[in-house]
Amino acid sequence: MRIEEDIKLDFKDVLIRPKRSTLASRREVDLKRQFVFRWSPQIFDGVPIIAANMDGVGTMAMAQTFAGTGQGMTVAMHKHYSLDRILDLYKKGGGKDVWFSIGVTEADEEKLAAFVGKYGKAPDRLCIDVANGYSEPFVDFVKKMRDRLPETVIMAGNVVTGEMVEQLVLNGADVVKVGIGPGSVCTTRKMTGVGYPQLSAVIECADAAHGLKGLVCSDGGCTVPGDLAKAFGGGADFVMLGGMLAGHDQCEADVVQEADGKKYVTFYGMSSTTAMEKHAGGVAEYRASEGKTVRVPYRGDVAPTIQDILGGLRSACTYVGAVRLKELSKRTTFIRVTQQLNTVFGSG
Ligand code: 5GP
């Protein structure tokens, strides 16, 4: 047994220090990023915010709304759409706005192969998603996908430490998804005791990835727009959102009106009992870890929420004098605002 004494931080443990700036208005801030990838020859040009591949978030309706903003934000589609619906979306030109999501089961592999066969080419973007990205078979699977789909941008995860980021990048991942335990409907930390404070995970993993021309996506734990600013400030190239996008019209979920007149939407983790029951018959292994089911207030159209998120980010850039999102991490100094004990015991 070993104890690591280094300070590890969550979003709530820090604030970003303001810096002198020449920016007159937040309107001047450019939130788009242009990425070239370690493996895929494609170029990414857009706001690097991704809707999580969860029921109620990674939906086609969300992708359509994201596309309508013209900002280049993307959606990791949840993996329970039928092949026909996915093909239809791609044939109508929607493939550029989404990540095709798979786990590592035979059924996932077959679905992807069937898609490639019927569509005639590979998806532009693939998200290979498992709860625990530390296993050798997972690395082998990523490598197999890289060999099979040389043109595709591959995002793979989740992990939280630099050495595993390096292994995934070297084996074919363009983007490594970072986060174990920070999700709003995740109970991994409580059920297993495993996890890593998200901001430190991002800082350390970004450092490891960037050294190899890889990129990282901070996945989970953002509850307010300022958390996205902290993730980008810490070096995240992409940020993935679940709970912040839940409860909207685009969630393709039932809106329930309670006796008090308030409206709710049910939101659940992809390894919660709700998800297992809904997708019974072979998806129980999608995520090995546990998730919970919550009711979130119905929030109407997602457009104002997106505007809030982008507005908050632009403002954060203005406070530190970053004309482009790209400059945010270079201009970020974090100030610690909590004691370490809160970090350890504070999160779910
Ligand atoms: P949020 O933005 O809601 O804080 O986090 C979203 C992320 O939580 C997802 O992208 C995914 O990585 C993670 N997640 C989703 N469902 C579950 C689950 O049931 N269990 C665990 N451990 N993580 C989940």
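Summary table below
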{"item": "Odd one out for LYS79 among (1) within 14 Å of the ligand (Cβ to nearest atom); (2) under 24 Å from LEU310 (Cβ atoms); (3) outside any strand (DSSP E or B)", "result": "(2)"}
{"item": "Some residue of the range 64-73 being open to solvent by less than 30 Å² (accessible area, probe 1.4 Å), at pLDDT 95 or above and out of contact with any Asp or Glu (no Cβ under 9 Å at 6 or more places or on another chain)", "result": "no"}
{"item": "Flag if ALA259 is away from the ligand (no atom under 12 Å from the Cβ), modelled with pLDDT under 95 and surrounded by fewer than 21 Cβ atoms within 10 Å (Cβ to Cβ)", "result": "yes"}
{"item": "Criterion violated by ILE49 - all others in (1) open to solvent by 10 Å² or more (accessible area, probe 1.4 Å); (2) within 16 Å of the ligand (Cβ to nearest atom); (3) within 30 Å of VAL320 (Cβ to Cβ) satisfied", "result": "(1)"}
{"item": "Per-region count, the range 189-214, residues open to solvent by 10 Å² or more (accessible area, probe 1.4 Å) and within 12 Å of the ligand (Cβ to nearest atom)", "result": "6"}
{"item": "Residues that are modelled with pLDDT of 95 or more, within 9 Å of the ligand (Cβ to nearest atom) and assigned to a strand (DSSP E or B), drawn from the range 262-292", "result": "PHE267, TYR268"}
{"item": "Evaluation of SER218 against (1) of a type in the set (Gly, Ala, Ser); (2) touching a residue at least 60 places away in the same chain (Cβ under 8 Å); (3) open to solvent by less than 10 Å² (accessible area, probe 1.4 Å) (one fails), failing number", "result": "(2)"}
{"item": "Selection within the range 233-256 - open to solvent by 20 Å² or more (accessible area, probe 1.4 Å) and in a loop (DSSP other than H, G, I, E, B)", "result": "GLU252, ALA253, ASP254"}
{"item": "Residue identified as touching a Ser or Thr at 6+ places or on another chain (Cβ under 7 Å), open to solvent by 80 Å² or more (accessible area, probe 1.4 Å), at pLDDT 95 or above and among the basic types (Lys, Arg) among ARG299, ARG324, ARG336", "result": "ARG299"}
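The values are calculated or read from the model by the stated rules, or taken from the named source; none is laboratory data. Fair warning: this is a prediction, and the values are worked out from it, not measured in the lab. In this analysis, Cβ positions are derived from the backbone assuming ideal geometry, glycine residues included, and neighbour counts consider all displayed protein chains. Calculation scope for accessible area: heavy atoms of the full protein, side chains included, ligands and nucleic acids excluded. Shrake-Rupley method; radii C 1.70, N 1.55, O 1.52, S 1.80 Å.
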